[in-house]
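Notes for the one structure printed next.
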Amino acid sequence: MPGPSSLILLVLGLFAVVVWLARRSGRLLLVLPIASVVVAGLLVAGWSSLGEHQSLGWAEELQGSMVEVGYIGSDCEDQRSVSFSEDEHQVRVSVIARSFATSCSDVGAQRSVVLDLAAPLGDRVVVDAGCHRRHRSACVVKLRR
């Protein structure tokens, strides 16, 4: 997922191309207001869809096929999306959190989410799907018992 600076550069680059083409065709005064509104809309929509991957700190097997995973998130977390996939060896979990606050404390807040798996965890490991460490074993989430 591109970062905020990549998004801004992409949208501004597209804006520059549109303005250049409009200027060459002699329609700058017609195109400029429309292009400005479109660019503003793209920036707002794109910025609000950005999220940050949350590193998973622990997992705990609950009753039946329920598993709780925990992470340190933001005090200002407004939204989060959780996705997971499972096979016979592992459960891969990804948590993306979004905050729309302009000012927020750097102090983390303990957060967790409960997953309803298709089958009990058993001997499978929980893996942080957003982890990009060189050794994949470093991406295995510690189980609390």
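Remarks
- Under 15 Å, Cβ to Cβ, from Asp87 - net charge with Lys/Arg +1 and Asp/Glu -1: 0
- Rh (Kirkwood; distinct C-alpha pairs) - the stretch 88-129, Å: 13.2 Å
- Summed side-chain charge close to Leu30 - residues other than Leu30 whose Cβ falls under 14 Å, Lys, Arg +1, Asp, Glu -1: +3
- Local electrostatic count at Asp106 - Lys and Arg +1, Asp and Glu -1, tallied over other residues with Cβ under 15 Å: -3
- Along its first, second and third principal axes, ordered by size, the chain spans 69, 33, 28 Å in Cα coordinates.
- Per-residue ellipticity at 222 nm from helix content only, as computed over the chain with -39500 (n - 2.57) for each DSSP H run of at least four residues, stands at -10500 deg cm²/dmol.
- Principal-axis tilt of helix 28-49 within the chain, Cα atoms, nearest 10 degrees: 10 degrees
- A cut-off of 5 Å between modelled amide H atoms, ignoring neighbours fewer than 5 places along the same chain, links Cys76 with no other residue.
- A simple packing score, the average count of other Cβ atoms within 10 Å per residue, orders the peptides 63-73, 81-91 as 63-73, 81-91, with the highest score first.
- Rounded to the nearest 10 degrees, the angle from helix 4-25 to the longest Cα principal axis of the chain is 20 degrees.
FYI, it's all coordinate maths here, none of it is from the lab. Note that the coordinates shown come from a computational prediction; the quantities given were computed from them, not determined experimentally. Note: ideal-geometry Cβ built from the backbone for every residue, glycine included; neighbour counts use all protein chains shown.
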